[in-house]
Every structure is written in C-alpha cells, then in structure tokens.
Amino acid sequence: MIAYLKGVLIQKTPQQVIIDVDGVGYCAYIPLSTYFKLGEEKEPVELYIYTHLSDSALALYGFSTEEERELFIKLLSISGIGPKLALNVLSGMEPEELKQAVKESNVARIARIPGIGKKTALRIAMELQEKFEKKEKLLTSRAAQEREDLISALVNLGFRRREVEGVVDEVIRHLTREAGFEKLLRECLRRMAKI
C-alpha cells in the first residue's frame, strides 16, 4: 500500500496530479484544498496518499496534510460515501470548516456541497460527530493520565501535591502535549525550583 509520495510535480489539474518519483509517474486524485496548496509543475511535491483498491481498479488519492487524509478515511467509513463523494466533501469545505459544521450539526452547510443531499449531509454530521467525540475522549483520558504521572513523579521527589498541581497544569497549558513526559517533567522541576 502506498501511503506517501515525494517527487516532482509533472502535471496538475483541480482533480488530479501526476508525480514523478525516481522515473515512475504516479497519478493521484486530489481535493481542491490540496490543489491550491501545490506549487507549480516541475517543482518538488509531497503528498499523503490513500490507496483505494476495488474489484475494478486501484486508485491513489493525495492530500497535502495528514489531517486531510484522516478526514477522507473517516468519510469513507460512512455508509454510501465512496472516494469520489469524499473528495467532493473535502473540495467543498476546508477540514476545519467541516469539523466545525459537524460539531454544530450544521447539516444545511454540509448539504451545500455539490453532490451532497440533505440525507447524506445528516449522515455525515451524525457519524463524524461520533468519530470526533471518540477521539476527543481518548485524547482527554491520555492527557489526564499524563497529568497524574507528572504529579506523582514530583510528589515522589518530595514536593507537596498541592504545590505541584498548579505548576503541572500551567506547564501542560504552555507546552504542547507532543513535548513528551521528560520535557514536561524538566520544565515542572525548573519552575518548582523558583518557588
């Protein structure tokens, strides 16, 4: 399965691109959002790829960001939505706009996308909302565990729980979760030394 392509942009249209990767030309269908982010022909290009295999064809779908590809995959998991319709959705709305419409259950906005009727828009809103909620719950539970681990580590080093809770919350707010446990702990220790 192809998941990523990096090469030279040979040809681009609003629907597809051809990328030369070491002498092999790969054709990938793209949404408009990706088309507008691409450079000119003969320039380097990188795309996140979804490989779709059906009984009659093997097709590649390219996206400028991993987020777009993940959203495309989520759309494909909805009953009645195939790759072409999923591309229409991503061409009709930016990922953030789609997420907002889903969170607000704004079916009318989703239904304005060409090829999407009210029933399909309702199904997209309902099913994506469930998928986003599951992801948020998972992230929240991970964040809560990370917070508790930091507090526990600092308490084990001799600090009082009441003192460290505020510092841990502040460090987590200011540093991204991707910073990793060690970096977060070091920053907590640095701040605790100033108290």
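Brief remarks follow.
- Taking (1) of a type in the set (Val, Ile, Thr); (2) closer than 28 Å to ILE2 by Cα; (3) touching a Gly at 6+ places or on another chain (Cβ under 7 Å) in turn, ILE113 satisfies each apart from (2).
- Considering only residues in region 41-96 that are among the aromatic types (Phe, Trp, Tyr) and not in a helix (DSSP H, G or I), the one that is farthest from MET1 (Cα to Cα) turns out to be PHE63.
- Top-ranked residue of region 100-142 - restricted to ones that are among the hydrophobic types (A, V, I, L, M, F, W, C) and modelled with pLDDT under 80, ranked as surrounded by the most Cβ atoms within 10 Å (Cβ to Cβ): PHE132
- GLU97 meets the conditions (1) crowded, with 18+ Cβ neighbours inside 10 Å; (2) outside the structural domain of LYS6 (by TED's automatic domain parsing) in every case but one. The failed one is (1).
- Filtered residues of region 160-172 (kept if farther than 13 Å from ARG190 by Cα and surrounded by 17 or more Cβ atoms within 10 Å (Cβ to Cβ)): ILE172
- Evaluated against (1) aliphatic (A, V, I, L, M); (2) closer than 23 Å to LYS131 by Cα; (3) buried (at least 18 other Cβ atoms within 10 Å of the Cβ), LEU60 falls short on exactly one condition, (2).
- Condition met for LEU75 (at pLDDT 90 or above and closer than 15 Å to SER33 by Cα): no
- Beta carbons closer than 6 Å, at least 6 apart along the sequence or on distinct chains, pair a first residue in region 33-51 that is closer than 14 Å to VAL21 by Cβ with a second that is modelled with pLDDT under 95 and among the small types (Gly, Ala, Ser) for ILE49/ALA3.
- Reported count of residues in region 85-105, each being within 18 Å of PHE36 (Cα to Cα) and not hydroxyl-bearing (Ser, Thr, Tyr), is 12.
- For the criterion of being at pLDDT below 85, touching an Asp or Glu at 6+ places or on another chain (Cβ under 7 Å) and of a type outside the set (S, T, N, Q), LEU175 passes.
The values are calculated or read from the model by the stated rules, or taken from the named source; none is laboratory data. Quick caveat: nothing in here was measured; it's all calculated off a predicted structure. All Cβ positions, glycine included, derive from the backbone under ideal geometry; neighbour counts span all protein chains shown.
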